[in-house]
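Asker: The structure's right below; bear with me while I get my questions together.
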Amino acid sequence: MMKEIFKLMSIALLVAMSMAMVSCSDNDDNGTNPPSDDEYKIEVGEGMEMPENKFLKVPAVAGDQNIINALKSIDKVTDVKAFEMFERYDYWTAKKITKTAYYFNYKQDIDHNNPSKGWFKQQCVLTVADQGRPTVLHTEGYALEGNYNELQNIGEPTLVSVLDANCLQVEYRYHGWSLPEGYTNKWNYLTAKQHSDDLHAIVTAIKKSGVVGNGKWLSTGVSKNGMTTAHYAYYYPNEMDAYVPFCAPFLLELTAPGPYSHILTKEAFDDNQENLEKVKAAFRAYVGNKSLQAECVKLHKKKNPELTYTDENIRYDLLGKLFDTYYAKMAYVPFKKWEDMIPKEGDPAQKFYDFLMADDKTKYAEESDDEYERRQETSADLEPDSSYWAAPRLLRRAASVKRKDPYFVQVCIELGSYNYVVDWVNDLLTPAEKKYLTDGMDSSDYGVIYDKGQFVKSFLDGMKQSNCHMMFVYGMQDPWTGGQIPDGKMGANSKKLFIQHPADSREEAGLHNDYIEQWNASERSELFRWLNQLGFLTN
């Protein structure tokens, strides 16, 4: 196998290097003491309650003192703590392993255009496989460990295991506890450029320290994390030896039709028109039958007796869920796992209700506990905080002092979003229903101004001129493939790889993830050949 570990730097060399450097950390412990916030007070907005940072409660372990010393020798690094990451999936053995990791904060500029504005703590996690191995930069697009906020459960990209690589993970600014303007609803420095500058600063410092050697570097991520990979490549095309964004969409408006349109094509079903027609027929049967909708409202009220919304509000909410959960199923759940759930005209209301409520959080009959657990870990890291959408869509713009989700804010600043496509049921919708389903995001809800696609246009034009080595990977069942980078915007050294979802398979291939072990042999070979050409698989 390609997985061979070579010790290219001795521990003695690292010790000497670490001793030679002057530590700028405020702590002189061995990395087992919890971080301190004595020097950094986080502003909390009026009426808001700062959530607990569970990272600080994760038990520390001794770790490798050489790595701890090397990290603490880096200017602007503080709060170093070794801990254990539990049950990470190993590509080569298909088993779960426990890894020692190193948590630290980096004192990052609030505004890279004006460092005098001060700094904030940006959370990072490092794992070290071996000094001679490549290093993967996981370009996180959200908080570390997504919505779970449990440091010991933090995942790593599959490429880390494939390459037996070191891994550096950096929390996206304004998410989690990496807060340039505190826990408020201020968003003055929330841009892809500012965060790319964050990555540049941290990567430069890590490289200079030698803590993970001088091997090849690759950046990768899935979904918003993959967008972050691509944005970083746009601004710093020569900083990595390779860039591999998975499932990354690039949208030019707040109501881009591409993602939803994609899952209404036979290509999303491996060219199986019959399967697509099953879904379309179920939608038409529900949307065109008000008495069926009323029965589903009754079922929903029985299941959720605490609801105080009117029946009409709930009816609209369930109509939205029909579209929402279809998107979620196509993104994360193999079609074969929910094909039998698809109702037909004349089926009882319970079957329709079960179908429209089943999403990426549902455990399906054909799914093992391990499969379900892994999918939950993935979706938690790749999706924004779902609590924002807990209320019916009709109420989604209600004023609140609660902190707004930074993902949706950035969407409304520069990233764009998708909207439902209702053409296939347009003749069955009332004008009010159509408006409800197609009424897109409004940047004014977040106190920001949308740039009307200017950043994404600049990014796409820039990528066309870029010579960086990049492979864009997309899953054919994944809705976000409808927002793929256009062929005409690909640089000379860029490639695209499409992952099929075999019609007879119940595996996760071709979905919104980076599960390389579930690809077919030709898909893996294409990726591995490319990585080998770039020097990542030569050892």
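The values are calculated or read from the model by the stated rules, or taken from the named source; none is laboratory data. All values derive from a computational prediction rather than experimental measurement. Using ideal geometry, Cβ is built from the backbone for each residue, glycine included, and neighbour counts are taken over all protein chains shown. In case anyone asks, the SASA skips ligands and DNA or RNA and just uses the protein heavy atoms, side chains included. Shrake-Rupley method; radii C 1.70, N 1.55, O 1.52, S 1.80 Å.
Asker: Residue by residue through segment 355-367, note down the ones that are open to solvent by 70 Å² or more (accessible area, probe 1.4 Å) and either closer than 21 Å to D317 by Cβ or touching a residue at least 24 places away in the same chain (Cβ under 8 Å) (or both).
Answerer: K361, A365, E366, listed by residue number.
Asker: Could you tell me which residue of segment 500-525 is most open to solvent (accessible area, probe 1.4 Å), considering only residues that are over 13 Å from G475 (Cβ atoms) and within 24 Å of the chain's Cα centre (by Cα)?
Answerer: R506
Asker: Test D360 against the criterion of being part of a loop (DSSP other than H, G, I, E, B) and closer than 19 Å to Y260 by Cα, and give yes or no.
Answerer: So D360 fits the description; yes.
Asker: May I ask you to list the residues in segment 511-539 that are assigned to a loop (DSSP other than H, G, I, E, B), in contact (Cβ under 8 Å) with a residue 40 or more places away in the chain and not charged (D, E, K, R)?
Answerer: L511, H512, N513, Y515, L534, G535, F536, L537, N539
Asker: Got a number for residues in segment 218-248 being out of contact with any Lys or Arg (no Cβ under 9 Å at 6 or more places or on another chain) and closer than 22 Å to A380 by Cβ?
Answerer: 15
Asker: Next up: Of the residues S291, S219, which single one is modelled with pLDDT of 95 or more and either at positive phi or more than 20 Å from the chain's Cα centre (by Cα) (or both)?
Answerer: Of the residues listed, the single one that is modelled with pLDDT of 95 or more and either at positive phi or more than 20 Å from the chain's Cα centre (by Cα) (or both) is S291.
Asker: Still on this structure, please answer the following. Does segment 238-259 hold any residues that are under 27 Å from T135 (Cβ atoms), assigned to a loop (DSSP other than H, G, I, E, B) and in contact with a helix residue (DSSP H, G or I) (Cβ under 9 Å, 6 or more places away or on another chain), and which are they?
Answerer: Selection gives E239, M240, C247, A248, P249, F250.
Asker: Could you please give the count of residues in segment 268-288 that are at pLDDT below 95, open to solvent by 20 Å² or more (accessible area, probe 1.4 Å) and not polar (S, T, N, Q)?
Answerer: So the answer is 2.
Asker: In the set G447, G416, which member is in contact with an Asp or Glu (Cβ under 6 Å, 6 or more places away or on another chain) and more than 30 Å from F528 (Cβ to Cβ)?
Answerer: Of G447, G416, the one residue that is in contact with an Asp or Glu (Cβ under 6 Å, 6 or more places away or on another chain) and more than 30 Å from F528 (Cβ to Cβ) is G416.
Asker: Need at least 1 residues that are touching a Gly at 6+ places or on another chain (Cβ under 6 Å) per element, so show me which helices (runs of 4 or more DSSP H) inside segment 126-235 make the cut, counting only ones lying wholly within it.
Answerer: Helices (runs of 4 or more DSSP H) meeting the threshold: 224-235.
Asker: Residues that are of a type in the set (A, V, I, L, M, F, W, C), in a helix (DSSP H, G or I) and touching a Ser or Thr at 6+ places or on another chain (Cβ under 8 Å): does segment 340-348 have at least one?
Answerer: no
Asker: Taking segment 242-264 as the region of interest, how many residues are open to solvent by less than 60 Å² (accessible area, probe 1.4 Å) and either acidic (D, E) or over 30 Å from W530 (Cα atoms) (or both)?
Answerer: 6
Asker: So L264 fits all but one of (1) among the aliphatic types (A, V, I, L, M); (2) under 22 Å from the mean Cα position of the chain (by Cα); (3) in a loop (DSSP other than H, G, I, E, B); what number is the exception?
Answerer: Tallying (1) among the aliphatic types (A, V, I, L, M); (2) under 22 Å from the mean Cα position of the chain (by Cα); (3) in a loop (DSSP other than H, G, I, E, B), L264 fails exactly one: (2).
Asker: Would you mention how many residues in segment 452-483 are touching a helix residue (DSSP H, G or I) at 6+ places or on another chain (Cβ under 8 Å) and either assigned to a helix (DSSP H, G or I) or under 18 Å from S261 (Cα atoms) (or both)?
Answerer: Qualifying residue count, segment 452-483: 19.
Asker: Here's a follow-up. Looking at A143, A201, A129, which one is within 14 Å of the chain's Cα centre (by Cα), on the phi < 0 side of the Ramachandran plot and either of a type in the set (S, T, N, Q) or open to solvent by 10 Å² or more (accessible area, probe 1.4 Å) (or both)?
Answerer: Checking each option against the conditions leaves just A143.
Asker: A follow-up question, please. Just wondering, is there one or more residues in segment 307-319 that are open to solvent by 20 Å² or more (accessible area, probe 1.4 Å), over 30 Å from Y446 (Cβ atoms), in a loop (DSSP other than H, G, I, E, B) and touching a residue at least 12 places away in the same chain (Cβ under 8 Å)?
Answerer: The answer is no, given that none of the residues of segment 307-319 is open to solvent by 20 Å² or more (accessible area, probe 1.4 Å), over 30 Å from Y446 (Cβ atoms), in a loop (DSSP other than H, G, I, E, B) and touching a residue at least 12 places away in the same chain (Cβ under 8 Å).
Asker: Taking K81 as meeting all but one of (1) part of a loop (DSSP other than H, G, I, E, B); (2) open to solvent by less than 60 Å² (accessible area, probe 1.4 Å); (3) charged (D, E, K, R), write down the number of the exception.
Answerer: (1)
Asker: Could you run through segment 430-451 and say how many residues are open to solvent by 20 Å² or more (accessible area, probe 1.4 Å) and not in a helix (DSSP H, G or I)?
Answerer: Summing the residues that are open to solvent by 20 Å² or more (accessible area, probe 1.4 Å) and not in a helix (DSSP H, G or I) in segment 430-451 gives 9.
Asker: Name the single residue that is most open to solvent (accessible area, probe 1.4 Å) among those in segment 93-114 being at pLDDT below 95 and not in a strand (DSSP E or B).
Answerer: K95
Asker: If you take the residues in segment 140-176 that are more than 18 Å from F408 (Cα to Cα) and in contact with a His (Cβ under 8 Å, 6 or more places away or on another chain), which one is modelled with the lowest pLDDT?
Answerer: Step by step, filter segment 140-176, then rank; the result is E156.
Asker: Looking at F335, F355, can you tell me which residue is more than 18 Å from D270 (Cβ to Cβ) and touching a helix residue (DSSP H, G or I) at 6+ places or on another chain (Cβ under 8 Å)?
Answerer: Answer to the check: F355.
Asker: Within segment 231-239, identify whether any single residue is polar (S, T, N, Q), touching a residue at least 60 places away in the same chain (Cβ under 8 Å), open to solvent by less than 10 Å² (accessible area, probe 1.4 Å) and under 30 Å from D164 (Cα atoms), and answer yes or no.
Answerer: The answer is no; no qualifying residue exists.
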